[in-house]
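Written out below as structure tokens is the structure these notes cover.
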2 protein chains.
Amino acid sequence: MNNTRFATVIHFLTILAKSPDQWLNSDWIANSIQINPVIVRKELGLLQEQGWVISRKGKDGGSMLGVPSSKISLADIYKAVKNANVLGKKNLNPNPKCSVGKQVNTALDKLFTETDEVVCAALSHKTLKNFVEQFA
Amino acid sequence: MNNTRFATVIHFLTILAKSPDQWLNSDWIANSIQINPVIVRKELGLLQEQGWVISRKGKDGGSMLGVPSSKISLADIYKAVKNANVLGKKNLNPNPKCSVGKQVNTALDKLFTETDEVVCAALSHKTLKNFVEQFA
DNA sequence: TTAAATGTAATAACACTTGTTACATTTAAA
DNA sequence: TTTAAATGTAACAAGTGTTATTACATTTAA
């Protein structure tokens, strides 16, 4: 992860969790994190797909949480935005004529998967609710 | 990590570990992974700084492991190439006028650090020797 | 009917990664 | 002493991914 998507999305969810049952609009959310409102609407689309957020179009529209914050784990959030393995990418064309090149990606697949699972296991014990409780 | 550096570096180290006490040159290593030899020499520079690899310039030069493969943990390798937190980057300018914006990066610092430590703890139990033993 | 919101496409700006060329320097061996 | 073959490294190019921005069709409450 070399991007801000996890930080951005958990920021949104925290704001929504702190104002339950209120329609917050993308300009307001964008202002809290000082990023572009179009990015906000794109990421909110992802959160809607997950069923975590409900949005309403039109005048006085906006977004709110669709499930209790205790039902969203940080592992769920991570999986929703993750676009690479923790240990990065594999090289695409290791040389099959070399004994290491021939087998390395199988070994790395195993290691990369195990490492990702360690992260998910650790994050699965934490919920959005726990995270939000840190905020005054 | 959205790059191939971990995969690349562990590939090098595996090759060097399989041919102890031989000077392997960067063209040979590059060919095994099918990447550019200049990248190989750059990354080998990093491994030299760590004390893991010794290189010799000039005719019949090359590189070899400088320590036993059992002394290099995968956590050490990860730390040497890591350039971002597991959960990515924080947003640079959250709005201090917003109660979430004001506190979010402190909360994220803690979470990001904890998550990185989980990965390092898991990788610290694995050594380069363990990894190399998978190769016929 | 209108004002204000979402959804989304297209594109630009920026940053990071990887590849490539070139060459000075080093060093073992002929 | 010369030479061939290697590293080390700078400069630049190409490719990829991220984030910002503009524009606008669509939706909807008031």
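Structural remarks
- Closest approach to the axis - chain B beta-carbon, rotation onto A, Å: B:N2, 2
- Each chain gives up part of its surface: B and A jointly bury about 4400 Å² of accessible area, both sides summed, for a 1.4 Å probe.
- Largest first, the extents of the alpha carbon coordinates of region A:5-132 on the three principal axes equal 64, 30, 22 Å.
- Copies compared at B:N130 - label distances in nm, ascending, label defined 7 Å from Cα in the Cβ direction: 2.5
- The trypsin sites (Lys or Arg not before Pro) found in region A:19-83 that occupy coil by DSSP, while having at most 12 further C-beta atoms within 10 Å, are A:K57, A:K59.
- Spin-label model, B:D27 to A:W23: label points 7 Å out along the Cα-to-beta-carbon direction sit 7.0 nm apart.
- Highest GNM mean-square fluctuation among A:T14, A:T115, A:T106, for chain A modelled with Cα contacts below 10 Å: A:T106.
- Peptide A:95-104 is shielded by partner chain Cβ atoms: per residue, an average of 6 of them sit within 10 Å of its Cβ.
- Cα convex hull of the protein assembly as shown - mean projected area over all directions, nm²: 15.9 nm²
- Under 21 Å from the Cα of B:K102 - lysines, other chains or at least 8 residues apart: A:K18, A:K129, B:K89, B:K90, B:K110
- Region B:88-136: trypsin sites (Lys or Arg not before Pro) falling in loop per DSSP and having at most 13 other Cβ within 10 Å: B:K97
- Within-14-Å neighbourhood charge of A:W52 [Cβ basis; K, R +1; D, E -1]: 0
The values are calculated or read from the model by the stated rules, or taken from the named source; none is laboratory data. Everything numeric in this text was worked out from a predicted model, so none of it was measured. A quick note on method: Cβ atoms are made from the backbone with ideal geometry, for glycine too, and the neighbour counts reach across all protein chains shown. Protein only, heavy atoms only, side chains kept; ligands, DNA and RNA dropped before computing areas. Shrake-Rupley method; radii C 1.70, N 1.55, O 1.52, S 1.80 Å.
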